[in-house]
């Protein structure tokens with residue numbers, strides 16, 4: 001009986017530690033280009049003891065972002081980072097490279113003798129990003145939606161947790177209706193759980209139309225709005241202006257050119273006549 005109770009106690013201890021570990025992990029989903037706040041669940045009375053560290057992959061080296069409540073200036077993203085009053089980490093204009101594992105720690109004590117207080121508070125940042133090929137009416141366009149997450153390997157864009165939770169991506173139209181693969185206008189292809197592409201032909205009436213990439217079970221999405229590039233219009237206008245200038249030059253400059261040719265011809269004629277007279281005079285004198 002005592003052995004059974006002992007086993008029950010060990011089971012409760014293991015379950016308690018497992019739940020504690022899970023409670024210290026947060027998953028934050030954000031669209032690229034937006035600002036995000038990563039919570040620090042082990043913050044003390046002030047943030048002077050707060051340290052934030054980051055790594056992209058499980059085996060990659062750890063980067064210190066915040067140490068002792070102060071921002072490190074030797075990181076590429078330091079201008080976009082700030083520490084909130086609650087010791088949270090704020091990131092402006094999130095990029096797909098910002099995805100990964102962020103850990104908030106608390107260190108107290110004299111310099112060189114500091115000890116960590118409490119456990120790590122880990123936050124996984126997942127970034128949803130959409131890229132596209134060149135947009136123009138009458139041409140096909142490929143919209144690629146990808147969810148970037150913390151991963152064990154650099155070539156794998158989708159994290160283990162994402163795959164285990166069966167979190168998928170899908171496209172919806174401007175009305176919020178999910179696009180179906182059976183629709184002849186759209187060619188939708190998925191590569192795993194974290195990449196989905198939308199291939200369609202842009203029509204004239206598609207200008208300002210929206211397609212949105214969403215994540216299942218998560219309240220985040222990326223909206224792609226069709227806007228024709230003004231490059232073609234401005235280029236055409238430039239070509240038109242060049243043609244007009246050429247025509248204007250041809251119309252208004254042609255009489256001037258002709259007049260100059262006549263003047264030059266007359267001057268040449270006079271020079272030739274003067275030259276002949278000189279020859280005659282020289283002949284007579286001889």
Projected label distance in nm at residue 59 and residue 180, using a 7 Å step from Cα toward the beta-carbon: 4.5
Theoretical FRET efficiency, 1/(1+(r/R0)^6), r = Cβ-Cβ of residue 172 and residue 108, R0 51 Å, to 0.05: 0.55
Label-point gap, in nm, between residue 209 and residue 67 - each point 7 angstrom along Cα→Cβ: 5.3
For region 24-127, diffusion coefficient by Stokes-Einstein and Kirkwood Rh (Cα), 10 °C, 1.306 mPa s, µm²/s: 115
Mean shadow area of region 138-213 over all directions, Cα convex hull, nm²: 5.9
Label zone at residue 96 (point 7 Å along Cα-to-Cβ), backbone N below 20 Å, region 184-202: 187-200
Distance-filtered residues of region 164-194 - backbone nitrogen under 15 Å, label point 7 angstrom along residue 223 Cα→Cβ: 172-177
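FYI, it's all coordinate maths here, none of it is from the lab. What you see is a predicted model, and the numbers here were worked out from it, not measured in a lab. Please note: Cβ atoms are built from the backbone with ideal geometry, for glycine as well, and neighbour counts cover all protein chains shown.
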